[in-house]
Amino acid sequence: MDSKALYAKAQTLMPGGVNSPLRACRYVNSEPVFIENAKGAYLYDVEGRKYVDYVYSWGPQILGHQDPAVSAAAHAAIDHGSSYGAPCLGEVTLAEAITKLVPSMEMLRMVSSGTEATMSALRLARGCTGRKKFVKFIGNYHGHADAFLAAAGSAAATVPGTPGVPEEVTMHTLLAQYNDLDAVRAHFEACGDEIACVIVEPVAGNMGLVLPRDGFLQGLRDLCTKYGALLIFDEVITGFRVAPGGAQQRFGITPDLTTMGKIIGGGFPVGCYGGRREIMEHMAPVGGVFQAGTLSGNPVAMAAGLATLNRLAECDYDALEAKTKALTDELAAILASKGHPVCVQQIASAFTLYFTDQPVTDMASSAKADQKTFATYWRQMMDQGIYLAPAGFECAFTSFAHADEDFEKTIEAAKNVKF
Ligand code: HOZ
């Protein structure tokens, strides 16, 4: 069956034919291709077409697909059983590796997705402070737990109101524009003793990529410390992406809690949350805050995650960042020469090209980017074998598997785009 036939059948079986809304490609007025295989920097669809991948499963595959060490570790783990629902060596080894690379995470809990990680971290922050309110940023996306579905980014931004989420649940979610420290200060001045935590993507990645302004993260740190609230860095995207120790290492800010996912599972379903020992010991069975999961600490995910972190220790982050910058500079120049100036936001191996000549610093400015022009660009890049996220409000990722010729092919494809 080709992609068209598969999509037709999928729509009879799954809402929109997909298991996650973005994949339906509606934001670029298109239809999905169905993937049959992925290796290195490439995806192959069911019709055998090859694509240079810039999605990489939305971030986890920083080493490229089927990295030999990661695949070998996962296969070896499966040979010992795919799930125990009991403690295992792999979860201890991976937890130790993460705590070494991210020292603010003195203790952590493994879960099965980024959504579970953020949901559990919020419960923990509320449980250990005894406060209900929390601050989140407009356009930040922390997974789909109810409390976070207020002005959330990514595909959630396309369904304002989010039916099914009672206002009683989001009434404690205090909103601020990203990078607007004054708005956060105002919340604290109004009800600082009721705020359990501030949760932030230290580099926003779900309204396109948006960098924190100088002083923004430090300002959040200072406000949380002053009012006795916890600072949660949602590093599901930035963890092991923007630096080996995540955004907290790159920007030199220590959060109280961190959430992770994606890269730490090497492409398998995983998440984790962690922080200072005295905070984490509020979790059951030591403390009274509850969270549990059959697949938490799954041995295959742990093995793939550990192999990924071990491989990353040999990788040159600076070189990949430099190559990514050269790519985005070139793409920006090509698009500008075609009469479409773009605002480039890039850090390490992640970037977004916004079709706007204005700076992008928050959701309000991100929303001004021209999505129709992005859709034209996206379709023609796909037709030339360049696989980009099917929405202008997402990031693109490069990987250690991308070769210079993949970037050259991408640049040639951009040159051919007609608006
Ligand atoms: N949460 C992802 C976008 N930031 C999309 C996940 C998916 O569709 O697989």
*Would you point out which residue out of Tyr56, Tyr84 is in contact with a strand residue (DSSP E or B) (Cβ under 9 Å, 6 or more places away or on another chain) and aromatic (Phe, Trp, Tyr)?*
Tyr56
*Give me a count of the residues in region 145-185 that are farther than 18 Å from Cys395 by Cβ, crowded, with 19+ Cβ neighbours inside 10 Å, of a type outside the set (A, V, I, L, M) and within 16 Å of the ligand (Cβ to nearest atom).*
1
*Please tell me if Ala145 is at pLDDT 95 or above, of a type outside the set (Ser, Thr, Tyr) and on the phi < 0 side of the Ramachandran plot.*
yes
_Only one of Pro255, Pro212 is under 18 Å from the mean Cα position of the chain (by Cα) and surrounded by fewer than 24 Cβ atoms within 10 Å (Cβ to Cβ). Can you tell me which?_
Pro212
_Restricting to region 234-261, give me the number of residues that are over 18 Å from Glu321 (Cβ atoms) and of a type outside the set (Gly, Ala, Ser)._
10
*Out of curiosity, is Ala364 at pLDDT 95 or above and either buried (at least 23 other Cβ atoms within 10 Å of the Cβ) or not in a helix (DSSP H, G or I) (or both)?*
no
*Go through region 126-165 and give me each residue that's within 14 Å of Met207 (Cα to Cα), part of a helix (DSSP H, G or I) and not aliphatic (A, V, I, L, M).*
Ser154, Thr158
*Name, by its number, the condition in (1) surrounded by 15 or more Cβ atoms within 10 Å (Cβ to Cβ); (2) out of contact with any strand residue (DSSP E or B) (no Cβ under 7 Å at 6 or more places or on another chain); (3) under 19 Å from His402 (Cβ atoms) that does not hold for Val28.*
(3)
*What tally of residues in region 130-144 results from selecting those that are more than 16 Å from the ligand (Cβ to nearest atom) and more than 26 Å from Phe251 (Cα to Cα)?*
4
*Say we look at region 290-310 and pick out the residues that are in contact with a Phe, Trp or Tyr (Cβ under 8 Å, 6 or more places away or on another chain) and of a type outside the set (Val, Ile, Thr); which of these is surrounded by the fewest Cβ atoms within 10 Å (Cβ to Cβ)?*
Leu309
_Subset of region 379-419 (residues that are charged (D, E, K, R) and either within 16 Å of the ligand (Cβ to nearest atom) or in a loop (DSSP other than H, G, I, E, B) (or both))_ = Glu394, Lys418
*Test Leu124 against the stated conditions and say whether it is in contact with a Leu (Cβ under 9 Å, 6 or more places away or on another chain), surrounded by fewer than 19 Cβ atoms within 10 Å (Cβ to Cβ) and not charged (D, E, K, R).*
no
*asked:* Cβ contacts < 6 Å: first residue under 23 Å from Met260 (Cα atoms) and modelled with pLDDT of 95 or more, restricted to region 57-84; second residue outside any helix (DSSP H, G or I) and of a type in the set (A, V, I, L, M, F, W, C), any location; separation 6+ or different chain. Result?
replied: Gly59/Ile237; Gly59/Phe397; Leu63/Phe400; Gly64/Ala41; Gly64/Ala401; His65/Ala38
*Any idea which of Gly228, Gly219 is away from the ligand (no atom under 16 Å from the Cβ) and either without any contact (Cβ under 8 Å) to a residue 40 or more places away in the chain or of a type in the set (Phe, Trp, Tyr) (or both)?*
Gly219
_Step by step: first the residues of region 239-278, then only those that are among the polar types (S, T, N, Q) and touching a strand residue (DSSP E or B) at 6+ places or on another chain (Cβ under 8 Å), then the one that is farthest from the ligand (Cβ to nearest atom). Which residue is that?_
Gln249
*On the given criteria, is Glu201 acidic (Asp, Glu) and free of Cβ contacts under 8 Å to residues at least 24 places away in the same chain?*
no
*Just a yes or no: is a residue in region 400-412 closer than 18 Å to Ser30 by Cβ, at pLDDT 95 or above and among the aliphatic types (A, V, I, L, M)?*
no
*Given the conditions (1) in contact with a Leu (Cβ under 8 Å, 6 or more places away or on another chain); (2) surrounded by 22 or more Cβ atoms within 10 Å (Cβ to Cβ), report the number of the one that Lys262 does not fulfil.*
(1)
*asked:* Please verify whether Ser113 is touching a strand residue (DSSP E or B) at 6+ places or on another chain (Cβ under 6 Å) and under 21 Å from Leu220 (Cβ atoms), treating the condition exactly as stated.
replied: no
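The values are calculated or read from the model by the stated rules, or taken from the named source; none is laboratory data. This structure is a prediction, so every number in the text was calculated from the model and none was measured. Methodologically, a virtual Cβ is constructed for each residue, glycine included, from the backbone with ideal geometry; neighbour enumeration extends over all protein chains shown.
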